[in-house]
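In what follows, a structure is listed as structure tokens, so that the remarks can point back to it.
The values are calculated or read from the model by the stated rules, or taken from the named source; none is laboratory data. Just so we're clear, the structure is a prediction, and the values are computed from it rather than from any experiment. With ideal geometry, Cβ positions are generated from the backbone for all residues, glycine too; neighbour counts draw on all protein chains shown. With ligands, DNA and RNA removed, areas are computed over all heavy atoms of the protein, side chains included. Shrake-Rupley method; radii C 1.70, N 1.55, O 1.52, S 1.80 Å.
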Amino acid sequence: MKRGLVLEGGGMRGLFSEGFIDVMQEEGITVDGMIGVSAGALFGCNFKSHQVGRGLRYNTRFKDDPRYMGWRSFITTGNFVNAQFAYHTMPMELDVFDIPAFEADPTEFYLACTDIKTGKPVYQQIDHVEDSTLEWFRATGSMPIASTPVEIDGMKLLDGGLVDCIPLQHFQEIGYERNIVILTRPKGYQKTPNKYKWLFKMWYPNYPQVAECMARRHEMYNAQLQYIEEQAEKGNVLVIYPDHPLEIGRIELDEPKLRAIYQHGREKAQSMLEDVKRFLAE
């Protein structure tokens, strides 16, 4: 039976997930594979590269650097998070992503994107890292409107959370039967309809599927939450929730908030260590 780790996105709320999996690393807890969406993949990859605290470190280090993210980048490049600096310069030169460790670790790593031409999810396994594969990370983290679509293999890709916020079912379909699912919303949360779907129609006139995805996103997300609860009742899933709403914006870089979200993830992991170990051992 293959054991998996499923990581929801949510921008800087993903630091909660990083705090949790950092404790797992420190305790020597492993899984057979993991899948992340958006921030879930961007922070989660550090689990496979064995770099505890890296996501918190580079976000606090570059929070005031105009090369990293901000309106200047958005106006000049169309990307609020600067594509070259954040996804190439920083991980390859400044806060170096440990590629040898990532490639040597046997944990299978997947991420999810959205093909805006078809409105369908695209799942990609990443087993090696070079300049071209870093574009997959940029794609899964590219929020609509705040980012330009990423072109890979003839597809135009954006954030996977448009069509598959919590890809548990996909992971089960490819053989991961027992999964830890880390969410970035507290238990009981329900997503409401997006009030600005008209904006997506205006912003992507050639890709009407984007607006359709946003119009249905709350239904998809809430159905996934229900499915996760059903799988938890059957004993197939251990669900990790924050204890309270994570009061931070998706692209917020207030350092005390970043550290608080990360610390909450660590404290949650420490309180659930025995549950995690027991679940993975059963």
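Based on DSSP H runs of at least 4 residues, each adding -39500 (n - 2.57), what is the mean residue ellipticity at 222 nm of the chain after dividing by all its residues, to the nearest 500 deg cm²/dmol? Don't jump to the answer; show the numbers that get you there.
Numbers: 11 runs with 116 residues, N = 282.
The per-residue figure over the chain is -12500 deg cm²/dmol.
Antiparallel versus total DSSP beta bridges in the range 7-129: what percent is that, nearest 5?
Restricted to the range 7-129, the bridges split so that about 55 percent are antiparallel.
By its C-alpha gyration tensor, with a ≥ b ≥ c as the square roots of the eigenvalues, how is the range 12-159 shaped: rounded for a/c under 1.5, else prolate for a/b larger than b/c, else oblate? Display every interim value, and only then the final one.
Values: a/c = 1.79, a/b = 1.25, b/c = 1.43.
Oblate, because a/c is 1.5 or more while a/b does not exceed b/c.
For the range 129-250, what does the accessible surface come to per residue with a 1.4 Å probe? Please give it in Å².
48 Å²
Indicate the gyration tensor shape class of the chain (rounded, prolate or oblate), computed on the Cα atoms with a ≥ b ≥ c the square roots of the eigenvalues: a/c under 1.5 is rounded; otherwise a/b larger than b/c is prolate and the rest oblate. Walk me through the intermediate numbers first.
Values: a/c = 1.44, a/b = 1.19, b/c = 1.21.
Rounded shape, in that the Cα axes give a/c under 1.5.
Per residue of the range 81-96, what does 6.51 cos²θ - 1.76 cosθ + 1.60 with θ = phi - 60° give for ³J(HN,Hα)? Whole Hz please, x for Gly and Pro, Karplus curve as stated.
With the stated coefficients, the range 81-96 comes to 8, 5, 4, 5, 5, 6, 10, 10, 4, 4, x, 9, 10, 9, 10, 5 Hz.
Once a ≥ b ≥ c are taken as the square roots of the eigenvalues of the Cα gyration tensor of the range 9-89, is the result rounded (a/c under 1.5), prolate (a/b larger than b/c) or oblate (a/b not larger than b/c)?
Prolate, since a/c reaches 1.5 and a/b exceeds b/c.
Carbon and sulfur together cover what percent of the accessible area of the chain at a 1.4 Å probe radius?
Within the chain, the accessible surface is 51 percent carbon and sulfur.
Which percent, to the nearest 5, of DSSP beta bridges fully inside the chain are antiparallel?
Of those bridges, close to 40 percent are antiparallel.
Hey, how many Å between the Cα centroid of the range 49-94 and the Cα centroid of the range 23-42?
Each part's Cα centre sits 21 Å from the other's.
Once you've got the Cα coordinates, tell me which of LYS120/LYS191; LYS48/LYS197; LYS48/LYS195; LYS117/LYS191; LYS120/LYS195; LYS187/LYS277 are over 30 Å apart.
From the list (LYS120/LYS191; LYS48/LYS197; LYS48/LYS195; LYS117/LYS191; LYS120/LYS195; LYS187/LYS277), the Cα-Cα distance tops 30 Å for LYS48/LYS197; LYS48/LYS195.
Running a GNM on the chain with Cα contacts under 10 Å, which residue among PRO100, PRO208, PRO91 ends up with the highest mean-square fluctuation?
PRO100
Could you give each residue of the range 26-40 its phi-based ³J(HN,Hα) in whole Hz, using Karplus coefficients 6.51, -1.76, 1.60 with θ = phi - 60°, and x for Gly or Pro?
So the Karplus estimates, Gly and Pro as x, are 4, 8, x, 7, 10, 10, 7, x, 8, 9, x, 10, 6, 4, x Hz.
Separation between the TYR189 and GLN226 pseudo-spin-labels, each 7 Å from Cα along Cα→Cβ, expressed in nm?
For the pair TYR189/GLN226, the computed spacing is 1.9 nm.
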